[in-house]
Amino acid sequence: MTTKLQAMLLAAWGGMVFWTLAAPAKPNLLIILADDLGFSDVGCYGGEIATPALDRLAAGGLRFTQFYNTAKCHSSRISLLTGRYAFQAGDVSLRRAVTAAEVLGASGYFTAMAGKWHLDRQPTDFGFQRYFGHLSGACNYYRGDKTFRLNGQPWAVPAQGFYTTVANVDHALKFLGEARASQKPWFLYLAFNAPHAPLQPLEQDYRKYLGRYDAGWDVMREARVRKQAQLNLFGKTIEPSPRPEHVPAWESLGAERKKWEARRMAAYAALIDRVDQEIGRLLADLERAGELDRTLILFFSDNGACPYDRRSHNREGNPYDPDTTWSDSTGWAWARNSPFRFYKQNQFEGGIATPAIVHWPAGLKTKPGALVHEPAHLVDVLPTLAELAGARLPERWPGRELTPVAGVSLVPILNGGSLGSRPPIHLLFGRDRGLRDGDWKLVSFQSNPWELYQLSQDRTELRDLASREPAIRDRLVKVWHELAEKVVLAPAQARAPVSASPAPARHREWTDFDKELGETGKAAEGRAKARAGGEAAGLRARVGTKLTIEKGQLVLACTGDDAGLAMDQLPDLPPGPYLLQCRLLSQAGGDGEVYFTTDAKTKLPNGQHAVFPVKHDGQWQEIRLRLDTTKPLRALRFDPCGAPGEVRLEALRLTDLEGKVLKQWP
């Protein structure tokens, strides 16, 4: 590692004890995280959706314009909570990290969380004294799933009157009541699952936006870019990225597709509007308690807008019907990430740039409504909270081997100053990668050749300077690999060299507008494979998995997103219960998950769902999962990991409780 880089990292990590600079007493701390929110979806970032609560926070606080997430749900949560990059923290196991809840709890804070977890075990295993929400990465907004927990115990979702966005704030308010009774400062982490698919808004919210998007994504994006200029959001004029080739002009679409897409965007807007309404309800409670001004509030999104058009069920129905599940739209994802390129999972600005709002009247030294144009990242949140709380970032923790934090404290910015220099920001998910170092940005789309952009002059990444500035490109490539190996601790597969020749920047789950409406995304691909006989014996690799068979073993090369196998062509089976069994060897990460359905109407991933632990130590282990149902099984999905890597399976079989084999793969 270069001497300069080592010095920067040591400067960032050297001080382990912080003391409050901006306010004399420990502030209350509130982190709000949205899920799959586009950069321009919020009003104060250019959007037309009604977000008065967030706009109010921005007007009374500050906004970052170059704040980065990791472009992916679970890895952003890891960085936000631990101050480390995902692999560095031990991925979803968090075995090489401590969480903000653990750090702040040790410093006398009451700690609580409501919402989506998406990591190993439960929040109550990682320092949260109170928790309500779902452990899974997504769920039905009206019906939830079987991963809901309340303070570490299973929680049954009510059959009627339930909606996740509202329920999260209901429980957050209860936890705040308990925190006030404890007379301790409090830390609340509120992680909405909106506007993540399935797009299931409340009826009153959806009807508010129905018809508003009939003009299409070209008109909406132009309006958002124009509003961003009026807000002087970037402090200067920037050139918006053009519509990509894979997104057609709105006027070229047929009438049926226009109607479908306009309704889909109305559902997005309704989900976001509801998030803001619930934030407003939370802010009203803080005001009544006299806590709003002395509570540090941070708002982020875990990644950019999602383009993955997977499976929409009941497209002609209403999205507020719990049986209706609509998927994401690539066309609207492009418009929602205005003015940037690309999407969730990509390390271009459209994937990683998040709205980032800070509100803290008692502590901020910036002018109300200030705009901050310095780069920052979710790894900076924990060091910031620790400094403001006067908390120690521990060097040791029982049962874990801690790595140093990767982020830096943002307190100098909150105090009206500047960070000055900082360590480079490392960017990696799956085969997408990047590096932000000062004004320069190195980036690769799915291991295509490196591209180089000078963001101070080209924020929307339109002019690739890699061939004109080979010395800068090569220096940054070297830094990326040094950090990937020595700081991020990425496995060799994740830091392999990029390709020497470019491939088209496309993804098989983006909306394919050349196909008939409804024949796009994952559903179409699965049907095409079935028609072509591409998967033997009813076993189908999911989109994030490459499946090969070696000497009777199923070998899964997983990207970390949508990893696993689908068995959706099962033979006629006797009634359950069943056992799903196999031998498993993993060098990936994350929990395993199993989904199953018992009727033709319910489509995966709906149905019953369970999470199970997996050891990712390269050793064989026995997996034995009970599928509790008295009905015949119709479809099954088996996800043995939740992070990139290789998984091998032997003797994968479905049996009855006596061990009689009903189906075996391969």
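The values are calculated or read from the model by the stated rules, or taken from the named source; none is laboratory data. No experiment lies behind these values; they were computed from the predicted model shown. Cβ placement follows ideal geometry from the backbone for every residue including glycine, while neighbour counts extend to all protein chains displayed. In case anyone asks, the SASA skips ligands and DNA or RNA and just uses the protein heavy atoms, side chains included. Shrake-Rupley method; radii C 1.70, N 1.55, O 1.52, S 1.80 Å.
General observations
- Residues considered: Glu245, Glu287, Glu261. Of these, the only one that is free of Cβ contacts under 8 Å to residues at least 24 places away in the same chain and within 20 Å of Tyr343 (Cβ to Cβ) is Glu245.
- Residue under evaluation Pro605, criteria (1) over 22 Å from Gln664 (Cβ atoms); (2) open to solvent by less than 40 Å² (accessible area, probe 1.4 Å), criterion not met: (2)
- Residue check for Glu485: modelled with pLDDT of 80 or more, among the charged types (D, E, K, R), touching a helix residue (DSSP H, G or I) at 6+ places or on another chain (Cβ under 7 Å) and open to solvent by less than 30 Å² (accessible area, probe 1.4 Å): no
- Residues in the range 615-666 that are polar (S, T, N, Q) and under 17 Å from Arg583 (Cβ atoms) were compared, and the one that is surrounded by the most Cβ atoms within 10 Å (Cβ to Cβ) is Thr655.
- Filter result for Phe128 (crowded, with 24+ Cβ neighbours inside 10 Å and either closer than 21 Å to Arg281 by Cβ or not hydroxyl-bearing (Ser, Thr, Tyr) (or both)): yes
- Of all residues in the range 175-196 being under 30 Å from Pro319 (Cα atoms) and touching a Phe, Trp or Tyr at 6+ places or on another chain (Cβ under 8 Å), the one that is surrounded by the most Cβ atoms within 10 Å (Cβ to Cβ): Pro195
- Residue match in the range 304-327 (condition: at pLDDT 95 or above, in a helix (DSSP H, G or I) and hydrophobic (A, V, I, L, M, F, W, C)): no
- One residue stands out among those in the range 611-666 that are polar (S, T, N, Q) and in contact with a Phe, Trp or Tyr (Cβ under 9 Å, 6 or more places away or on another chain): the one that is farthest from Asp120 (Cα to Cα), which is Thr655.
- Any hit, the range 615-637, residues being aliphatic (A, V, I, L, M) and modelled with pLDDT under 90: no
- Criterion (open to solvent by 10 Å² or more (accessible area, probe 1.4 Å) and under 25 Å from Gln160 (Cβ atoms)) met by exactly one of Asp293, Asp321, Asp273: Asp321
- If you check Leu465, Leu435, Leu428 for being open to solvent by 10 Å² or more (accessible area, probe 1.4 Å), modelled with pLDDT of 95 or more and under 24 Å from the mean Cα position of the chain (by Cα), only one passes: Leu428.
- Residue list for the range 455-471, filter: of a type outside the set (Asp, Glu) and out of contact with any strand residue (DSSP E or B) (no Cβ under 6 Å at 6 or more places or on another chain): Ser456, Gln457, Arg459, Thr460, Leu462, Arg463, Ser467, Arg468, Pro470, Ala471
- Matching residues, the range 133-151, being closer than 15 Å to Trp117 by Cα, part of a loop (DSSP other than H, G, I, E, B) and open to solvent by 20 Å² or more (accessible area, probe 1.4 Å): Leu135, Ala138, Asp145, Lys146, Asn151
- First in the range 554-574 and farther than 30 Å from Val92 by Cα, second anywhere and in a loop (DSSP other than H, G, I, E, B), Cβ under 8 Å, 6 or more apart: Leu570/Leu633; Leu570/Arg634; Asp572/Pro632; Leu573/Pro632; Leu573/Leu633; Pro574/Pro632; Pro574/Asp656
- Scan the range 41-71 for residues that are open to solvent by less than 10 Å² (accessible area, probe 1.4 Å), assigned to a loop (DSSP other than H, G, I, E, B) and either at pLDDT below 95 or hydrophobic (A, V, I, L, M, F, W, C) (or both) and the total you get is 3.
Residue-by-condition table, conditions (1) more than 27 Å from Ser93 (Cα to Cα); (2) modelled with pLDDT under 95; (3) part of a loop (DSSP other than H, G, I, E, B); (4) in contact with a helix residue (DSSP H, G or I) (Cβ under 6 Å, 6 or more places away or on another chain):
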{"site": "Phe128", "(1), (2), (3), (4)": "no, no, yes, yes"}
{"site": "His171", "(1), (2), (3), (4)": "no, no, no, no"}
{"site": "Glu178", "(1), (2), (3), (4)": "yes, no, no, no"}
{"site": "Leu190", "(1), (2), (3), (4)": "no, no, no, yes"}
{"site": "Ala194", "(1), (2), (3), (4)": "no, no, yes, yes"}
{"site": "Gln200", "(1), (2), (3), (4)": "yes, no, yes, no"}
{"site": "Arg207", "(1), (2), (3), (4)": "yes, no, no, no"}
{"site": "Gly211", "(1), (2), (3), (4)": "yes, no, yes, no"}
